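The values are calculated or read from the model by the stated rules, or taken from the named source; none is laboratory data. Keep in mind that this is a model prediction, so the values were computed, not measured. Here the Cβ positions follow ideal geometry from the backbone for every residue, glycine too, while neighbour counts run over all protein chains shown. Each accessible area value is taken on the protein alone, full model and side chains, heavy atoms only, with ligands, DNA and RNA left out. Shrake-Rupley method; radii C 1.70, N 1.55, O 1.52, S 1.80 Å.
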Amino acid sequence: MIVYEGNTMGNFQEDSDFNNNVGISARRFEESPFISRHDTSNMVRGVYAGRFFAVHNNDDHIAKYWTLRRKALIFDVPEKPVEISGKDAVPFLEKVLTRKVASMKEGRGYYALACTPNGGIFMDGVVFRFSDTKFWYVQADGPFEAWLTALSDGFEVEITDPHSRVIQIQGPASENIMNEVSNGEIDESLGYFRSGFFEIGGQNLYVSRTGFTNELGWELYLRPNNNAKKIGDLILSKGKEMGMILTASPGFRCRRIEAGLLSAGQDFTNKTNPYSVGLGRFVDIDKENFIGKEALQKANKKCLTWGIRVDGGTAIRGKSLKINTKVVGEVTSSTWSPYQVCGVGIVHMQDSNFGPGAVLDVDCTNGKIHKGELCELPMYDIKGEIVRGINKDVPKEPNPWIGIKKK
């Protein structure tokens, strides 16, 4: 079994990582019920939240990028739902999360952070409300279930693993695919970050209108009682008719960078406070005491994380942002954008003197230094009209960035 070598908070999905792997025992990690769909001799697996997932499968990530933007991709997601239930579920989550959950409606999802007492981001994910006493938190990588259990003393709550596996269907054709597989039950009336139970292939599935691409998309949560083969056959059959294809994680990477969707352990760590990476809007600092509140009240609120467009090159991850050979920032995620026809990345600067419009020297994968310009995130579709289904225009051609020298 081949998996990436790294720490528990790693999210290794860059091209340079594909050969940085070691063989380990498979017995301690959860296998996906969809593994047979993409198990080939080329597949490299990763471990994320204690689960295997397909990180690389000899994918043409340029071709899959355009499939995502024009049709649809399906991805076997390793994110892990954790169930929080009981009489004190609401006050407990108010203590643990930085967002207000008491006012959440049933069937609503929130992107939510859990911070350390020092204000660092311990976990990010999406919390869903099933009822007054039952929630799911779909977590990124890390020991969040153990963290919740350790904090639950004094609360009448139960922290459990619902053993749910998630699949994403993302792209402009995803709505029609979901409508077909649900016999018309699922359509655009299910709003962004809304969720519910639906019949798919004669089985009851929890479905949310969410994803990790900022394209129109959905996530399906399979449970142990579901027949994964039957559901998979149905989705792949209907999806194929509309151009959907299966992908490993690189198929999503460029779009999530362009959208400014941060990757845990890569674009932030538990030493990073939400404000410094542009996630301050997900901190309800005025709510009653929650873990990390005191530290966040005192924290510097200036953002240090931006996007970058690189003229003619792809930035190397790491301390590759310089001015006159002096390091001024770090590249945390990087790839090539077929749509903008330039290198794109997410960067973390050393101080707030550098923001959108700043031009830097960038060490690139071709061994050369290219010019890069910091920009706002997301890099386009600022109002989120694509993911909300307001803008359904499918990009037929690239929309090249005009470049630094031509401005």
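Inverting the pair-averaged 1/r between distinct Cα atoms of the range 167-233 gives 11.9 Å as its Kirkwood hydrodynamic radius. In the P(r) worked out for the range 122-170, what percent of Cα pairs fall beyond 15 Å? For the range 122-170, the share of Cα pairs beyond 15 Å comes to 54 percent. Taking amide H as placed 1.01 Å from N in the peptide plane, the amide H of residue 401 sits under 5 Å from that of 341, each at least 5 places away or on another chain. Over 32 Å between Cα atoms, which of 319/392; 271/371; 134/293; 87/230 qualify? Flagged as over cut-off: 319/392; 87/230. With the biggest extent put first, the Cα atoms of the range 281-407 measure 49, 44, 23 Å across the principal axes.
Surface calculation, 1.4 Å probe, protein heavy atoms: residue 301 sits at approximately 90 Å² accessible. Placing dummy labels 7 Å off each Cα toward the beta-carbon, the span from residue 103 to residue 240 is 4.8 nm. When 376, 385 are compared by accessible area of protein heavy atoms, the largest-first order is 376, 385, using a 1.4 Å probe.
Figure note: 269, 67, 365 ranked by solvent-accessible area, largest first, 1.4 Å probe, ligands and nucleic acids not counted: 365, 269, 67.
Candidate cross-link partners of residue 287 among the lysines, defined by an alpha-carbon separation under 18 Å and a same-chain spacing of 8 or more, comprise 95, 100, 105, 298, 301. Rounded to the nearest whole Hz, the Karplus-based 3J(HN,Hα) values (6.51 cos²θ - 1.76 cosθ + 1.60, θ = phi - 60°) of the range 383-389 follow the sequence 7, x, 6, 6, 5, 8, x, with x at glycine and proline. Couplings 3J(HN,Hα) for the range 96-105, derived from phi with the Karplus relation 6.51 cos²θ - 1.76 cosθ + 1.60 (θ = phi - 60°), are 7, 9, 7, 9, 6, 10, 4, 8, 4, 8 Hz, where x marks Gly and Pro. Rolling a 1.4 Å probe over the protein chains gives residue 325 an accessible area of about 120 Å².
Applying the Karplus relation 6.51 cos²θ - 1.76 cosθ + 1.60 with θ = phi - 60° to the range 365-375 yields 3J(HN,Hα) values of 5, 8, x, 10, 9, 10, 7, x, 10, 5, 8 Hz, where x marks Gly and Pro. Subtracting the Cα-Cα distance of residue 87 and residue 223 from their residue separation scaled by 0.36 nm leaves 46.6 nm. For residue 333, nonlocal amide neighbours, meaning residues 5 or more places apart or on other chains whose placed amide H falls under 5 Å from its own, are 346. Taking trypsin sites (Lys or Arg not before Pro) across the range 217-271, the ones in a DSSP loop with at most 14 further Cβ atoms lying within 10 angstrom of their Cβ are 271. Across all C-alpha atoms in the range 51-130, the radius of gyration and Dmax reach 17.3, 49 Å.
Based on the Stokes-Einstein relation at 20 °C and a viscosity of 1.002 mPa s, and on the Kirkwood radius from alpha carbon pairs, the range 174-280 is assigned a translational diffusion coefficient of 137 µm²/s.
Backbone N atoms of the range 97-141 closer than 13 Å to the 7 Å Cα→Cβ label point of residue 194 belong to residues 105-109. Kirkwood's formula applied to the C-alpha pairs of the range 110-247 gives a hydrodynamic radius of 16.5 angstrom. Once backbone amide H atoms are built at 1.01 Å from N, residue 246 has 74 as its partners under 5 Å, excluding neighbours fewer than 5 places away on the same chain. If you take the Cα centroid of the range 62-107 and the Cα centroid of the range 120-199, the two points sit 4 Å apart.
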